[in-house]
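The structure appears right after this line, and notes come after that.
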Amino acid sequence: MFPYLCEFVGTFILLLLGNGVVANVCLNKSNFQGGGLCMITCAWGIAVMIPVYIFGAYSGAHFNPAVTIGLAAGGLFPWAMVPGYIIAQMAGGFCGGALVSIMFHDQFAATENQATKLGVFCTAPAVRNIPLNLLSEIVGAFVLLFAIMGISNAAGLHPAPGAGLAVGMNNLYILGIIIGIGQSFGGLTGYAINPARDWGPRLAHTIMPIPGKGSSHWGDYALVPLVGPIIGGILGVLLYQLVFSFAGK
């Protein structure tokens, strides 16, 4: 039970901080409005790194169904635990987004643009092109998992069955991975690279009484941040294992 609790609380912290920085930068009547995309990408990196440090030794610090499924596909995590992890991650994402909606209530009320409000919670494409949008999410999640595998293996912490992210100072590199993906690909789709990061808060946007919020856009595009990261995560793990099989590792 404890690993599931860790995944819930860790994903909650991740989305509380991640959605929080977007609200801080984008909503009217925020003292940090206009802070810029560099502030957002750096804060998202920190939002991932903090719970990874806290919970890495206990649950593997996945906080992302793409990580959980990718590791399971590579034989590094038991499939029997996958459903519980995903439920905990989605619930944590919802609660993080819901709390942001409460904390920034006045800022949401002062902001007229419905797309800006929705963008606090979930991702959207800069140019709607579903095949390319899907490719962007696949590539982003591929880089995430390939890099996580590489850093963990270099630290001697993989491939232990059930292992997740590296423990200790190696988690500092997670900050760099998230910032790197965001600053390289974020302008395309908002780099969800994590179904819980998008669907959990999107559900919070749907349910919570946010002033003038408009549609949560549960249409065909919502499948992109769900399916793309899972495909990319699986590819990242399997290709890493294939490449390093030639090195005898």
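General remarks:
- Within the stretch 165-220, considering residues that are assigned to a loop (DSSP other than H, G, I, E, B) and of a type in the set (Val, Ile, Thr), the one modelled with the lowest pLDDT: Val167
- Scanning the stretch 57-75 for residues that are of a type outside the set (Gly, Ala, Ser) and free of Cβ contacts under 8 Å to residues at least 24 places away in the same chain yields a total of 1.
- The lone exception for Phe8 - which of (1) touching a Gly at 6+ places or on another chain (Cβ under 8 Å); (2) at pLDDT below 95 it fails: (2)
- Residues that are free of Cβ contacts under 8 Å to residues at least 40 places away in the same chain and more than 19 Å from Gly18 (Cβ to Cβ), drawn from the stretch 210-249: Trp218, Gly219, Leu223, Leu242, Val243, Ser245, Phe246, Ala247, Gly248
- Looking at Leu118, Leu99, just one residue is in contact with a Leu (Cβ under 7 Å, 6 or more places away or on another chain) and closer than 18 Å to Gly200 by Cα, and that residue is Leu99.
- Exclusive hit being under 23 Å from Ile234 (Cβ atoms) and among the hydroxyl-bearing types (Ser, Thr, Tyr), set Ser101, Ser59: Ser59
- Residue selected from the stretch 21-42 under the condition surrounded by 20 or more Cβ atoms within 10 Å (Cβ to Cβ), part of a helix (DSSP H, G or I) and not β-branched (Val, Ile, Thr), by the criterion nearest to the chain's Cα centre (by Cα): Ala23
- Subset of the stretch 19-73 [aromatic (Phe, Trp, Tyr) and within 20 Å of Ala141 (Cβ to Cβ)]: Trp44, Phe63
The values are calculated or read from the model by the stated rules, or taken from the named source; none is laboratory data. All of these numbers come straight from a predicted model, not from anything done at the bench. For neighbour counting, all protein chains shown are included, and Cβ atoms are generated from backbone atoms with ideal geometry for every residue, glycine included.
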